[in-house]
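In what follows, a single structure is set out as structure tokens and then discussed.
No value in this document is a laboratory result; all are computed from the given coordinates. For clarity, every value in this text was computed on a predicted model and none was experimentally measured. All Cβ positions, even for glycine, are placed from backbone atoms using ideal geometry, and neighbour counts span all protein chains on display.
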């Protein structure tokens with residue numbers, strides 16, 4: 001990650017999460033790697049949403065991108081709800097058809113969401129963050145974990 005732009009790192013996370021979900025959809029039921037891939041995607045997406053809302057979005061709001069950040073937060077809330085419905089289906093393992101349906105719903109949400117972030121918000125990532133926040137974000141990217149019980153802004157009651 002050293003030397004890479006935040007934009008490139010965040011876009012790579014999008015690709016990795018998408019690929020793990022697509023792996024689950026494409027592989028036949030019952031595969032251990034299949035379920036592990038989806039669990040990694042769920043955890044990765046939750047962590048990705050956290051880092052955006054914790055580190056990136058406040059700086060982008062301050063830079064004047066209030067409306068685009070608002071849209072991304074609203075979409076995060078919808079994805080979070082889908083993840084909340086998907087996770088028990090994956091843990092149960094019995095309702096494969098439901099898990100597949102929810103994965104396809106999530107893929108649709110991501111296909112609508114990711115390009116907006118990548119085209120509108122991420123180009124500002126390396127210039128909008130102050131040096132200390134950028135350093136915090138880079139440290140989180142290397143080893144940070146989603147705090148227990150954290151939910152995205154739009155999913156909070």
In degrees, nearest 10, the alpha-carbon axis of helix 131-143 is tilted away from the dominant principal axis of the alpha carbons of the chain by 20
Residue-normalised 222 nm signal for the chain, counting each DSSP H run of n ≥ 4 as -39,500 (n - 2.57), nearest 500 deg cm²/dmol, is -23500 deg cm²/dmol
Extension length gain for residue 27 and residue 74 (0.36 nm per residue less Cα distance), in nm, is 13.8 nm
To the nearest 10 degrees, the tilt of helix 96-116 (Cα long axis) against the first principal axis of the alpha carbons of the chain is 20
Taking the convex hull of the alpha-carbon atoms of region 6-141 and averaging its shadow over every direction gives an area in square nanometres of 7.7
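Using 0.36 nm per residue, how much length does the chain from residue 43 to residue 127 gain when fully extended, once their Cα-Cα distance is taken away?
Values: separation 84, 0.36 × 84 = 30.24 nm, distance 2.78 nm.
Using 0.36 nm per residue and subtracting the Cα-Cα distance, I get 27.5 nm.
Could you compute the FRET efficiency for residue 5 and residue 85, with r as their C-beta to C-beta distance and R0 at 22 Å, rounded to 0.05? Each step should come with its number before you reach the end.
On the way: r = 34 Å, r/R0 = 1.55.
Once the sixth-power term is evaluated, E becomes 0.05.
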Quick calc: nm separation of the 7 Å Cα→Cβ label points for residue 97 and residue 142 -> 4.9
